[in-house]
Amino acid sequence: MNAAAVRLQRRMRRALEGRRIVITRARSRRAISRGLEARGAAVVVAPVIRIEPLSQLGPLRAALAGLSAYRWVVFTSQNAVQIVFDRLLAWGLGPRAFATTTVAAIGTATGDALSQRGVAPALVPDEFVGEALAEALVARGGLAGSRVLIPSAQDARDALPAGLRAHGAIVEVVPVYRTVPRRPT
């Protein structure tokens, strides 16, 4: 490595020196924090929301009991993965329940959360938004008349289900959690 490259690397390493960055995500993002700190930032983790599983998960239980009826199960967040798999275990089921269907994830972090629980997603779009996931599913073909299960946040955007329905899919959105403001401590 030449001297100019070494200087640039040092500058980038300390590019955030003297900056304070607040992470407001519900869960502390250790990798993000470490990366920012490595570049000189002072990181403050101050979640402004918390994730609360819904108390009535009967529709989820019914959907999981009949997974073979769905062509796709689509996870749109790590939170949904965590809650669904926590309930799977509580109900005496396991990751093998997903062997009868195909699983998609909205992004790599959600895909990683699934893989860590023994389910490899068959599809992760290049862009991590509902519209891109809908396009990727449509590109796989054969959605007309196919059932799609989406465990999601109670207040999730409708872009993904609407995009799938526009191509003839029968979409069942099952809310499994809600986001609520976190009270200051």
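Just a few scattered comments:
- Matching entry among 149, 143 (being crowded, with 19+ Cβ neighbours inside 10 Å, touching a helix residue (DSSP H, G or I) at 6+ places or on another chain (Cβ under 8 Å), part of a loop (DSSP other than H, G, I, E, B) and of a type outside the set (Ser, Thr, Tyr)): 143
- Residue check, residue 170 at pLDDT 90 or above, out of contact with any helix residue (DSSP H, G or I) (no Cβ under 8 Å at 6 or more places or on another chain) and not polar (S, T, N, Q): yes
- From the list 120, 113, 166, the lone residue that is more than 26 Å from residue 51 (Cα to Cα) and out of contact with any His (no Cβ under 8 Å at 6 or more places or on another chain) is 166.
- The residue list 160, 137 contains one member that is over 15 Å from the mean Cα position of the chain (by Cα), touching a residue at least 24 places away in the same chain (Cβ under 8 Å), assigned to a helix (DSSP H, G or I) and crowded, with 16+ Cβ neighbours inside 10 Å, which is 137.
- Which listed residue, of 63, 69, is in contact with a Lys or Arg (Cβ under 7 Å, 6 or more places away or on another chain), within 15 Å of residue 173 (Cα to Cα), in the same structural domain as residue 136 (by TED's automatic domain parsing) and hydrophobic (A, V, I, L, M, F, W, C): 69
- Of the criteria (1) part of a strand (DSSP E or B); (2) surrounded by fewer than 23 Cβ atoms within 10 Å (Cβ to Cβ); (3) touching a Leu at 6+ places or on another chain (Cβ under 6 Å), which one residue 178 fails: (3)
The values are calculated or read from the model by the stated rules, or taken from the named source; none is laboratory data. From a predicted model like this one, the values you see are computed outputs, not experimental measurements. Using ideal geometry, Cβ is built from the backbone for each residue, glycine included, and neighbour counts are taken over all protein chains shown.
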